[in-house]
Amino acid sequence: MKNEYIRIQHISKEFHSTVVLKDLNAVLHKGEILGFLGPSGAGKTTTIKILTGQLKLTKGDAYVLDIHCDNIDETIYEQIGIVTDNSGIYERMSVYDNLKYFSKILNVSKERIDVLLKRVGLFEHKMKLASQLSKGQKQRLILARAILHTPKILFLDEPTSGLDPSTALTIHNLLLELKHEGMAIFLTTHNMEEATKLCDHVALLNEGVIVEYGSPKELCIKHNQEKKYKVILNDDSEHILSNKANDIEKMRQWLLEDKVEALHSCEPTLEDVFIHVTGRGLN
Ligand SMILES: Nc1ncnc2c1ncn2[C@@H]1O[C@H](COP(=O)(O)OP(=O)(O)OP(=O)(O)O)[C@@H](O)[C@H]1O
């Protein structure tokens, strides 16, 4: 289909007959962000490695820019960018020289380097050695390197893990800009808030199985069967009520007695959905 950049069809992966991915299906289109969410060991990195040609799948089919995974070779790197925690930055080179080096390999004009450095907030650090960067600055350099050649697809493996909230926000804003410019982004995370904010679709991955798939909003609505409300009374006490008869009666009384200060609906978060579906948390 037009603008379909990734198609995953019934893929499975075994390591020495241990199954780590089971029958996964997912699709990523141009200008969308797809999140693979799950706890440690769920199979997120393995999925990225299959889609970027670093691992062979055991069963099923996956296509990246219409190329079957089995046929992916290094030429795909002209069209994709990858951010992982070992994304080959040269520690003894300056920020600028790192990008200059990769611009030669990727055939990108040097003029783009300063534009990109400004975009990721590293322009004033361009002459610093990569080894002297903070964790958040290094992550932004890795990201700048990954998008230097304006790839069609950007793969991000836990891009904000361990970063301070302000750096995470800078990265989130940049990812949303890239998406609006038409880049397709495949993101793994165990941060459900990040996924809710960024992703058009999410796959909740548990022990190698996609247990839910859809937009964050769809999934939260689907799992909001027992509607809950938070009521704050004018004595500052807070109460969680459901739509059961005794809670409705309680609410009626408070309203008659003019005790209600505020009423909020409590929609489940993606984290609640994950716990509901798997019976476990994310950490
Ligand atoms: N090369 C390998 N050989 C054998 N088992 C592996 C190999 N790589 C990964 N695994 C196993 O596959 C499972 C999924 O690992 P993966 O790294 O994909 O998880 P993850 O969801 O990315 O976890 P994390 O959030 O900790 O990075 C784990 O049980 C892991 O031990």
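The values are calculated or read from the model by the stated rules, or taken from the named source; none is laboratory data. These numbers come from a predicted model, not from an experiment. Every residue, glycine as well, gets a Cβ built from its backbone with ideal geometry; the counts of neighbours run over all protein chains shown.
Do we have K118 as surrounded by fewer than 18 Cβ atoms within 10 Å (Cβ to Cβ) and within 19 Å of T167 (Cβ to Cβ) here?
Working: surrounded by fewer than 18 Cβ atoms within 10 Å (Cβ to Cβ): yes; within 19 Å of T167 (Cβ to Cβ): yes.
Yes; evaluated as a whole, the condition is true for this residue.
Just so you know, in region 1-24 the residues that are near the ligand (Cβ under 9 Å from one of its atoms) and either outside any strand (DSSP E or B) or in contact with a Gly (Cβ under 9 Å, 6 or more places away or on another chain) (or both) include one that is nearest to T196 (Cα to Cα), and it is L21.
Across region 61-71, a minimum of one residue is classified as within 27 Å of E177 (Cβ to Cβ), surrounded by fewer than 18 Cβ atoms within 10 Å (Cβ to Cβ) and not aliphatic (A, V, I, L, M). Once region 25-42 is narrowed to residues that are within 20 Å of R280 (Cα to Cα) and either modelled with pLDDT of 95 or more or in a strand (DSSP E or B) (or both), the residue that is farthest from the ligand (Cβ to nearest atom) is G35.
Scanning region 43-90 for residues that are under 30 Å from K128 (Cα atoms), of a type in the set (S, T, Y) and within 16 Å of the ligand (Cβ to nearest atom) turns up T84, S87.
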